[in-house]
Amino acid sequence: MSQKPTYLAGVGTALPGKPVDNTELGRHFGVSDEWVDIFVGTRTRHFARDLETGEVRYRLADLCAEAGHWALESSGLSGADMDFLVVSSTTPDTLLPTTAAEVADTLQFNHLPVYQVQAGCSGAVQVLELGRSLIAAGHRHGLVIGGDVTSKHLDVRKNISRLPTDELVNYVLFGDGAGAAVLSAEPAGERVALRAVLNRFTGRGRPTGQVVDWYGAADRDTERPMLYEDYKAIEESLPQMSVEILWELLDGLGWSAADIDYLLPPQLSGRMTQRIVDHLGIEGVKEVSCVDRTGNTGNAMPFLQLAELMPQLQEKERALAIVVESSKWIKAGLALERV
């Protein structure tokens, strides 16, 4: 798991439009804003489409390009310095061209490898792992991006108050956004070493915990829900899986829990994040969470946390990020240290 470190030189994020609070969300969809706060624990989120008209105001590629721009600004490097681009998403704008190719065009990249990873929230870790491997193979700098526009799967014209809870929660849990990081072979910009990456599929034989469907032209009148999550299974599994990720990262590095200064816990929802942090039981560590303000932004989420971490992380301080993807139960995480 350990190798010569790659460095995070800069981090950038992009959130579409103004924050939508629970009162506005509840008024539009016909649900109680108190129910949203109590059940989910998220106060605001951002949407790429207008709730009143359904108009899509931001494509995923727009948000990813904006996050990439700010990551480059943060790093002090330019697009011309980049040797590769990797984008991860659950919700690409189109199957072809890839969102990654559209982002490369917007950022005026050319003649460099461009990759797209299809994944849930663990995709942010997967692009960092792929980027680290590309750096180890001889590239000097690269840009990795994660983002999702989940709101395009939601019918903003319907009153959802009578939906079953497992469908209703999808309308209040998620937000849209993107995040990015510039990776470097040598300390530059933020000078944060990526000490370890964990990315493990652990779902053999287990029922899926989350499904995001796709309907082709032959299946437009399907009765299947576009989004499905087994919240009972998620609530039961995530706390224990988070503990396993924590100790697998620490054991691989020879660190103890006392060596961690910052913890970036999973960001499914405000309530679930608090439950996981309580279950981890690490004393004296500073939590870096933002899901209660952004909603669950999928692939963007770990990058949003990294953006909040960077101004706080001091020289020689260490941070650990834990990510769990419930689609087929993927364990993921990162270990970071400012040098």
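Using DSSP to define loop residues, name the GluC sites (Glu not before Pro) in the range 42-116 whose beta-carbon has at most 12 other beta-carbon atoms within 10 Å.
Glu52, Glu55
If you put +1 on each Lys and Arg Cβ and -1 on each Asp and Glu Cβ, how big is the dipole of the chain around its Cα centre, in Debye rounded to 20?
For this selection, approximately 360 debye.
Can you tell me the relative contact order of the range 192-338? Whole percent, Cα pairs under 8 Å, sequence separation 6 or more.
Dividing the mean separation by the residue count of the range 192-338 yields 40 percent.
At 222 nm, what helix-only mean residue ellipticity would the chain give, in deg cm²/dmol to the nearest 500, using -39500 (n - 2.57) for each DSSP H run of four or more? Intermediate results must be reported in sequence, preceding the final value.
Values: 11 runs with 108 residues, N = 339.
It comes out at -9500 deg cm²/dmol, rounded to the nearest 500.
Mind giving me the nanometre distance, one decimal, between the label points for Trp247 and Thr94, set 7 Å out from Cα along Cα→Cβ?
Here the modelled spin labels are 4.9 nm apart.
Under 20 Å from the Cα of Lys328, which lysines turn up, not counting those fewer than eight places away in the same chain?
Cα-Cα hits under 20 Å: Lys232.
Taking the range 66-172, which trypsin sites (Lys or Arg not before Pro) meet the DSSP loop condition and have no more than 13 other C-beta atoms within 10 Å? Please report the intermediate quantities before stating the final value.
Details: sites: Arg132, Arg140, Lys152, Arg157, Lys158, Arg162; in loops: Arg140, Arg157, Lys158, Arg162.
Hits after loop and neighbour filter: Arg157, Lys158, Arg162.
When the convex hull of the Cα atoms of the range 192-338 is projected onto a plane and the area is averaged over all directions, what value comes out in nm²?
Result: 10.2 nm².
Ratio of alpha-carbon Rg to the 2.2 N^0.38 Å globular estimate for the chain, to two decimals, please.
With N residues counted in the chain, Rg over 2.2 N^0.38 Å equals 0.95.
Taking a spot 7 Å from the Cα of Lys286 along the direction of its beta carbon, which residues of the range 232-263 have an amide N less than 11 Å from it?
Those under the cut-off are 261-263.
Stretch Glu223-Ala136 to full length: gain in nm at 0.36 nm per residue minus the Cα-Cα span?
Going from the current span to full extension adds 26.6 nm.
Put +1 on the Cβ of every Lys and Arg and -1 on every Asp and Glu Cβ in the range 1-49; which of Leu8, Thr42, Phe29 then has its Cα farthest towards the positive end of the dipole?
Leu8
Take the range 6-184, drop everything but the C-alpha atoms, weight them equally and run the Debye formula without solvent; then report log10 I(q)/I(0) at 0.11, 0.14, 0.18 Å⁻¹ to two decimals.
Debye intensities relative to I(0), on a log10 scale: -0.50, -0.75, -1.05.
When DSSP beta bridges are limited to those with both residues in the chain, what percentage is antiparallel, rounded to the nearest 5?
75 percent
Taking Lys316 as the anchor, which lysines have their alpha carbon closer than 29 Å to its alpha carbon, excluding any fewer than eight residues away along the same chain?
Qualifying lysines at Cα under 29 Å: Lys4, Lys286, Lys331.
Once you wrap a convex hull around the alpha carbon atoms of the range 107-170, what is its projected area averaged over all directions, in nm²?
The Cα convex hull of the range 107-170, projected and averaged over all directions, gives 6.5 nm².
Residues in the range 92-130, backbone N under 19 Å from the label point at Lys4 (7 Å along the Cα-to-beta-carbon vector): list them, ranges by number please.
Counting backbone N atoms under 19 Å from the label point, the list is 129-130.
Can you find, among Gly68, Gly175, Leu334, the residue sitting farthest towards the positive end of the charge dipole of the chain, where Lys and Arg contribute +1 and Asp and Glu -1 at Cβ?
Leu334
Just so you know, all these numbers are worked out from the coordinates, no wet-lab data involved. Quick caveat: nothing in here was measured; it's all calculated off a predicted structure. In this analysis, Cβ positions are derived from the backbone assuming ideal geometry, glycine residues included, and neighbour counts consider all displayed protein chains.
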